Amino acid sequence: MAAPGHYAFQLDPCRSHQSSVQCVQADALEGLPCWRLIRSSSSANATKSPNSLVRLRQRFRSQEVRVDPDEVAAAERVGYRFIGNEISDRIAFRRASFFILRLIRAKFIKDEPQPIDEAAPPADAGSTSSVMAGDAAPEREQAAPQILCAEIPGYFWPRSMADARAITQIILAKYDMCLPLHRQERVSPRCGFQLPRSTQCDWLSAAYGYTFRIVDAMMAEACQTAFCIGTDATGAPVRMPGECINWHVFVFVADADHIVFRAARAHTSAAIASLLTGFSGYLLSDAALIYDALHREHDVTEVACWAHVRRYFWKCRATEPALAVEGLAIISKLFEVAREANEIAMPARTLERARRALPILTLFDRWIERVRSRADDKSPLAAAITYYENQRAGLRTFLTDGRLRIDNNICEQQLRNLVLGRHNWNFFENEAGLNRYCVFRSLIASCALHSLEPQDYLDEILRLAPHWPAMKMLALSPKHWAATRASLSPAHRAIIELAWRSPAPSARAARRVASLSLSCLTATW
């Protein structure tokens, strides 16, 4: 808190992290038109929200609109003394647009010095040289001049009219915001020009060719090293002549390392076994029969999902409301124990969670025995009880290790994007489109897992991947990207650090401080 008679203010040059905090006399603020005085208590409360105006002022550049009273404007401020400003901020939007990124490569010809023939006798100054046409010396053969032209920088794709940033925008709009290409084509004129969907497809195909090996390496590492993999699947219609063939998209959440999407023609035991080749560990899944072969024939331990059990009892509310509420209450206590146990570090979490969960499981078993005789054979309650008894062993696997989740909701959440996308594009045009979805969606989802900004990550990866060794693509995955980026060679770092996108922090801060008006200064009392 500043001392009485002083005001503390913070200078933040718009997104720059070089801010300064000073104290100035209150009299020094006289005549400054853009100071806003805010009580420190209200400022502290306002900054708690990530979208508060106090924080937004620190992140964005402001554009001023100055208004004088009509009487003052008519008199051109003659006869009036300025005493201050009344300032209010509003959130505005500046339309995004494409722009031309012109690459100008300079060309040069090396200046060659003229050769001097020292063997030739000097000409007589007093005589006039006359050479007959037949006696003319043969002309020297001159070599073609060498033209020097700068190489295309590594951050540009050769033989492509698109910059990686433009392709990243299309990838995120399609595979993160579920915006089909034909809608992007319709929206693109608002950004400057119409971008045909055929051009967008070509750009996505080129990006897929540079990135699919990254996802392959992510899946290979997950099968080799993952402790537990959660999985689920949903349908993905693919258009064929005269009909749509239903493919299946599997999602694999490997610990806190990778999220990988894979497409399979059939939802069978052979398909899932092929996708999880080499994996041995815990498999968190629903009760689909396709996983039984993995549990029987491979070194894979079943971890069942309590959220599915809860869903069965939720469906009983219409026919057996009282019993359904009892069962849901017991299950909710189990989820409460799991949430609280997550705050405990390993390995103490395993013992504590098991100690608190076992009495709840015993109570649930007794409750099942009591209500089984009251359930009709074809009622939703009977189906819920049958599901629980069939999955009882897998539903208790989480007691053996505190790292195991008790539900598979994270996989269903990852598949929600595809389910929403089907409402927008109905089907995939071909198998190539389905494969592109799996690759780009894997990278975007894994970025969220590791707190990476997907637009910056994809932009840098698309520039660097063409120059990266094919056998080391795992280093470009979101899990390893922070370490890889920190250890890049100077040549590779020059590819991702673009001179035109953002100048050096010090130069950018100095330029912004010089150009900003006093509206970027926030005074706090």
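State yes or no: is Phe227 aromatic (Phe, Trp, Tyr) and more than 23 Å from Ile259 (Cβ to Cβ)? The answer is no for Phe227. Of the residues making up the range 268-275, one or more are under 26 Å from Asn426 (Cβ atoms), touching a Lys or Arg at 6+ places or on another chain (Cβ under 6 Å) and in a helix (DSSP H, G or I).
For the residues Asp459, Asp407, the requirement of being touching a residue at least 60 places away in the same chain (Cβ under 8 Å) and in a loop (DSSP other than H, G, I, E, B) singles out Asp407. Every condition in (1) of a type in the set (Asp, Glu); (2) at pLDDT below 80; (3) part of a loop (DSSP other than H, G, I, E, B) is met by Asp89 except one, and the failing one is (2).
Among the candidates Phe440, Phe428, the residue that is at pLDDT 90 or above, touching a helix residue (DSSP H, G or I) at 6+ places or on another chain (Cβ under 9 Å), crowded, with 20+ Cβ neighbours inside 10 Å and over 18 Å from Ile167 (Cβ atoms) is uniquely Phe428. Any chance the range 136-158 includes a residue that's polar (S, T, N, Q), modelled with pLDDT under 55 and not assigned by TED's automatic domain parsing to the domain that holds Arg463? Checked against the condition, which is being polar (S, T, N, Q), modelled with pLDDT under 55 and not assigned by TED's automatic domain parsing to the domain that holds Arg463, the range 136-158 yields no hits at all.
Filtering the range 466-522 to residues that are modelled with pLDDT of 50 or more and outside any helix (DSSP H, G or I) leaves Trp468, Pro469, Ser477, Ser487, Leu488, Ser489, Glu497, Leu498, Ala499, Trp500, Arg501.
Each residue in the range 200-215 was checked for being in contact (Cβ under 8 Å) with a residue 12 or more places away in the chain and surrounded by fewer than 16 Cβ atoms within 10 Å (Cβ to Cβ), and 1 pass. Of the candidates Val238, Val187, the single residue that is crowded, with 16+ Cβ neighbours inside 10 Å and either at pLDDT 95 or above or of a type in the set (Val, Ile, Thr) (or both) is Val238.
Scanning the range 84-111 for residues that are over 24 Å from the mean Cα position of the chain (by Cα) and among the basic types (Lys, Arg), which turns out farthest from Pro145 (Cα to Cα)? Only one residue tops the list, namely Arg90. Residues in the range 239-277 that are touching a residue at least 12 places away in the same chain (Cβ under 8 Å), polar (S, T, N, Q) and either under 14 Å from Leu434 (Cβ atoms) or touching a Leu at 6+ places or on another chain (Cβ under 8 Å) (or both): Ser269 alone. Residues in the range 216-230 that are surrounded by fewer than 17 Cβ atoms within 10 Å (Cβ to Cβ), out of contact with any Phe, Trp or Tyr (no Cβ under 7 Å at 6 or more places or on another chain) and not β-branched (Val, Ile, Thr): 3 in all. Return a yes/no flag: does the range 222-238 have any residue that is in the same structural domain as Ser446 (by TED's automatic domain parsing), part of a helix (DSSP H, G or I) and free of Cβ contacts under 8 Å to residues at least 40 places away in the same chain. Checked the range 222-238: at least one residue is in the same structural domain as Ser446 (by TED's automatic domain parsing), part of a helix (DSSP H, G or I) and free of Cβ contacts under 8 Å to residues at least 40 places away in the same chain. Does any residue in the range 184-195 that is free of Cβ contacts under 8 Å to residues at least 60 places away in the same chain come within less than 8 Å, Cβ to Cβ, of a residue that is in a helix (DSSP H, G or I) and of a type in the set (Lys, Arg) six or more places away or on a different chain, and which pairs are these? Listed by first residue and then by second, the contacts come to Gln184/Lys174; Gln184/Arg197; Glu185/Arg197.
The sole residue among Leu381, Leu418, Leu395 that is touching a strand residue (DSSP E or B) at 6+ places or on another chain (Cβ under 7 Å), of a type in the set (A, V, I, L, M) and surrounded by 19 or more Cβ atoms within 10 Å (Cβ to Cβ) is Leu418.
Is there a residue being under 29 Å from Leu276 (Cα atoms) and either among the charged types (D, E, K, R) or in the same structural domain as Ser285 (by TED's automatic domain parsing) (or both) anywhere in the range 367-378? Scanning the range 367-378 turns up no residue that is under 29 Å from Leu276 (Cα atoms) and either among the charged types (D, E, K, R) or in the same structural domain as Ser285 (by TED's automatic domain parsing) (or both).
Determine, yes or no, whether Arg61 is surrounded by 10 or more Cβ atoms within 10 Å (Cβ to Cβ), modelled with pLDDT of 75 or more and within 30 Å of Thr168 (Cα to Cα). So Arg61 fits the description; yes. For the range 239-259, the set of residues classified as assigned to a strand (DSSP E or B), closer than 26 Å to Ala307 by Cα and touching a Phe, Trp or Tyr at 6+ places or on another chain (Cβ under 9 Å) consists of Trp247, Val249, Phe250, Val251, Phe252, Ala254, His258, Ile259, listed by residue number. Restricting attention to the range 356-373, the residues that are polar (S, T, N, Q) and touching a residue at least 24 places away in the same chain (Cβ under 8 Å) add up to 0. If you go through the range 341-355 and pick out every residue that is touching a Lys or Arg at 6+ places or on another chain (Cβ under 9 Å) and touching a residue at least 12 places away in the same chain (Cβ under 8 Å), you end up with 5. The helices (runs of 4 or more DSSP H) found wholly in the range 282-341 and carrying at least 3 residues that are among the hydrophobic types (A, V, I, L, M, F, W, C) occupy 306-314, 321-341.
The values are calculated or read from the model by the stated rules, or taken from the named source; none is laboratory data. Treat the numbers as computed from the prediction; the structure is a model and nothing was measured. No Cβ is skipped: glycine too gets one built from the backbone with ideal geometry, and neighbour counts run over all protein chains shown.
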